[in-house]
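Engineer: To start, I am sharing the structure in question, which I have written as structure tokens.
The values are calculated or read from the model by the stated rules, or taken from the named source; none is laboratory data. Keep in mind that what you see is a predicted model, and the values were worked out from it rather than measured. Cβ: placed from backbone, ideal geometry, glycine included. Neighbour counts: every protein chain shown. Ligands, DNA and RNA are stripped out before the accessible areas are found, and what is left, the full protein with its side chains, is counted by its heavy atoms. Shrake-Rupley method; radii C 1.70, N 1.55, O 1.52, S 1.80 Å.
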Amino acid sequence: MSVYVENFVPPGPGSWTLETTHWARPMTRWGADVFPPAFKRGFREGTARYGLLLDYLEYGVVNGFAYNCAHVVGAPLEAKAPPPKLIFKLLTRLHPQVRQRIKASQAAFEQKLWRQDLKQWDETWKPELTRKYLELQSVDPKQLSLEDLITHLTACRDAVAEAIYFHHRLNPCALLPLGDFLVQTQAWTGLEAQTLLQLLQGATPVSIGAIAEIQHLAQAISQQPAAASILNSQQPAAEILHQLETMPGDVGEAAKAYLNTVGLRVLTGYDVGDLSALDTPELLVKTIRSALEHTVHESATEQLAEQTAKVRAAVPEEHRAAFDELLAEARLTYRIRDERGYLNDAWATGIARRAILAAGDRLVAAGKLDKPEHAVELTHDELVAMLNGQDGIPASELAEYFHYRTSKTIADAPVHLGAPPSPPPPDEWLPPAAARLSRAINLVLGHLFAAPGKQIEPQTIQGVAASPGQYEGIARLVLNLEDMAQVKEGDILVARMTAPSYNALLPMLGGIVTDRGGLLSHAAIVAREYGLPAVVGCMEATQAIPNGSRIRIDGTTGEVKILA
């Protein structure tokens, strides 16, 4: 299992691009085994249903780093440029798969397929997944027999794979109505996407996390002096949480509801090697204390109505009915962007992490691992085999890979492997529905993976203006798992990227700065929903901003200034 960092070989033919938005460092070996096939299956089914000419993204793992390669319907992987216009148009008419996709793109708009998917998510998929996750969460893996633990581990592995499948099966539902609204409204008004995205505030409550639960808990604690005394005591954070959870009455019930909602969701990324909220009890205690002292965010309904009316007035009168419809569809589906993560794979991954660590405890006791957390560097089959007493990868090699994975970042890997990327054919070459679909999806993807910013002066960094407002405070760098517990009330979070479950931090933060992501990254969406100033896509913020320094962020201009 040796890792040769200097030797990055493409995992297959075609052009491979380093995945920098969701993976800040190498994947665990458990995750690298489970994620790619589930991702491919969900992505491919979603694009086929909506008629995208992008068939799927294939994931490859090189030295632990995630790379993806785009597979386009009817196009060879070795293509270095799109075919000439005439040949391409013949291809759209003669290639059976391309013709099928073109027909599907027309149906996507005529039937508003996203409404069907949303209905299925709300009425079938989400309730079924929630029941499954609650059932798995109710199991204490430390109390299981060996046989039952293996059964539970398998169920957790299957749950994560299914979660990843549904997440990416819903890609077009999450992206198309939003992109269609942005493309057409920008064409009518010339307004920036930053302005238009403000009209979606309040449409994705899930993005601000367990606000109702923590508000209820804060209210219960404020009415119970004994609970407030426990919360503000100098006891270890885990003990404070335990005492609150076991208190009789409203406090205990509210604490259980809050911890059951946020506790097992992975907080620092998308992998079983990332921390869950319960792995950082200090952070949870700080968040509860902060919620007790501050008013929880409420959506500014009147301001939203004024903003919407202002934008609508800029739309030519003949297009206002279409504008109303496009905005309604975008608001309807906007929540899917984060629901499919926070209510789905973030939860399933955290439950799987707990089970893997419980298995790690047993392997440490058997002398097969140095630490329980090293178990995430085993594939599911390897983990089961070692639990059953079979020989496996030596503990020293697993420890070596764990150190490698947690000490390396995407800065240590080349951005491209294999053939140079091939540009897609121009949208105007496509039939009308396919062109509309392509413009919408490409615009959203561009705002997900925005071009990085840069340091324009020694003390100034320019990024993407993601959420309006100004704030001055202490920069708190979160680069490693351990850094999360160091965040304090009023800090400006500075991170490479954020995951959906970072919303557990919201009551504590004064602002957000990230190296990666664009206007539609999780950090940007969460900041807008919560009303926090945010600048994303800075590229080098985590390198240029000293931890603990005082900075000023301007979420309207996209500027971050280091003050001291």
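Engineer: If I take R0 = 45 Å and measure r between the Cβ atoms of GLU489 and ASP381 in this structure, what FRET efficiency does the formula 1/(1 + (r/R0)^6) give, to the nearest 0.05?
Structural biologist: Working: r = 45 Å, r/R0 = 0.99.
The computed FRET efficiency comes out at 0.50.
Engineer: Can you tell me how much longer the chain between GLN198 and THR406 gets when fully stretched, taken as 0.36 nm per residue apart minus their C-alpha distance, in nm with one decimal? Numbers along the way, then the final one.
Structural biologist: Working: separation 208, 0.36 × 208 = 74.88 nm, distance 3.68 nm.
Length difference between fully extended and current span is 71.2 nm.
Engineer: Could you give the length gained on full extension between THR556 and GLN470, defined as 0.36 nm per residue of separation minus the Cα-Cα distance, in nm? Intermediate values should be presented prior to the final figure.
Structural biologist: On the way: separation 86, 0.36 × 86 = 30.96 nm, distance 0.76 nm.
Contour length minus Cα-Cα distance gives 30.2 nm.
Engineer: May I ask you to give the solvent-accessible area per residue for the stretch 220-328, in square angstrom, as obtained with a 1.4 angstrom probe? Please list the in-between numbers first.
Structural biologist: Details: 5380 Å² over 109 residues.
On a per-residue basis, the stretch 220-328 sits at 49 Å².
Engineer: First compute the accessible area of the chain with a 1.4 Å probe, then give the percent of it belonging to carbon and sulfur atoms.
Structural biologist: Working: 12320 of 23580 Å².
The value for the chain is 52 percent carbon and sulfur by accessible area.
Engineer: Still on this structure: Relative to the present Cα-Cα distance, how much length would full extension add between VAL9 and ALA313 at 0.36 nm per residue of separation? It would help to have the intermediate numbers written out before the result.
Structural biologist: Working: separation 304, 0.36 × 304 = 109.44 nm, distance 5.41 nm.
Going from the current span to full extension adds 104.0 nm.
Engineer: Can I ask one more? Is the stretch 442-564 rounded, prolate or oblate when judged by the Cα gyration tensor, a ≥ b ≥ c being the square roots of its eigenvalues, rounded requiring a/c under 1.5 and prolate requiring a/b larger than b/c? Numbers along the way, then the final one.
Structural biologist: Working: a/c = 1.43, a/b = 1.12, b/c = 1.28.
Rounded.
Engineer: Turning to a different aspect of this structure: About its Cα centre, what dipole magnitude does the chain give when the only charges are +1 on Lys and Arg Cβ and -1 on Asp and Glu Cβ, stated in debye to the nearest 20?
Structural biologist: Details: 51 positive and 64 negative charges, 307 e Å.
Roughly 1480 debye, rounded to the nearest 20.
Engineer: Evaluate E = 1/(1 + (r/R0)^6) for GLU123 and GLN223, where r is the Cβ-Cβ distance and R0 equals 60 Å; express this FRET efficiency to the nearest 0.05.
Structural biologist: On the way: r = 38 Å, r/R0 = 0.63.
Between GLU123 and GLN223 the formula returns 0.95.
Engineer: In terms of the Cα gyration tensor, with a ≥ b ≥ c the square roots of its eigenvalues, is the chain rounded because a/c is under 1.5, prolate because a/b exceeds b/c, or oblate?
Structural biologist: Working: a/c = 1.56, a/b = 1.18, b/c = 1.32.
Judged from the Cα gyration tensor, the chain comes out oblate (a/c at least 1.5, b/c at or above a/b).
Engineer: Taking a 1.4 Å probe, which of ILE240, ILE474 shows the most accessible area, and what order do the others take after it? Walk me through the intermediate numbers first.
Structural biologist: Details: ILE240 5, ILE474 50 Å².
The most accessible residue leads, giving ILE474, ILE240.
Engineer: What distance in nm separates the simple spin-label points at GLU282 and GLN235, each placed 7 Å from Cα in the Cβ direction?
Structural biologist: So the two model labels end up 1.9 nm from each other.
Engineer: Would you mind pulling out the separation of the Cα centroids of the stretch 217-246 and the stretch 35-64, in Å?
Structural biologist: 46
Engineer: What share of the DSSP beta bridges in the chain is antiparallel, in percent to the nearest 5?
Structural biologist: Working: 32 of 42 bridges.
Antiparallel: roughly 75 percent of the beta bridges in the chain.
Engineer: In the structure displayed, which of LYS119/LYS310; LYS142/LYS368; LYS132/LYS256; LYS286/LYS408 lie more than 21 Å apart, Cα to Cα?
Structural biologist: LYS119/LYS310; LYS286/LYS408
Engineer: Taking Cα centroids, how far is the stretch 349-364 from the stretch 107-135 in Å?
Structural biologist: 30
Engineer: What number, rounded to the nearest 500 deg cm²/dmol, is the helix-based mean residue ellipticity at 222 nm of the chain, given -39500 (n - 2.57) per DSSP H run of at least four residues and division by all its residues?
Structural biologist: Working: 22 runs with 274 residues, N = 564.
Rounded to the nearest 500, it is -15000 deg cm²/dmol.
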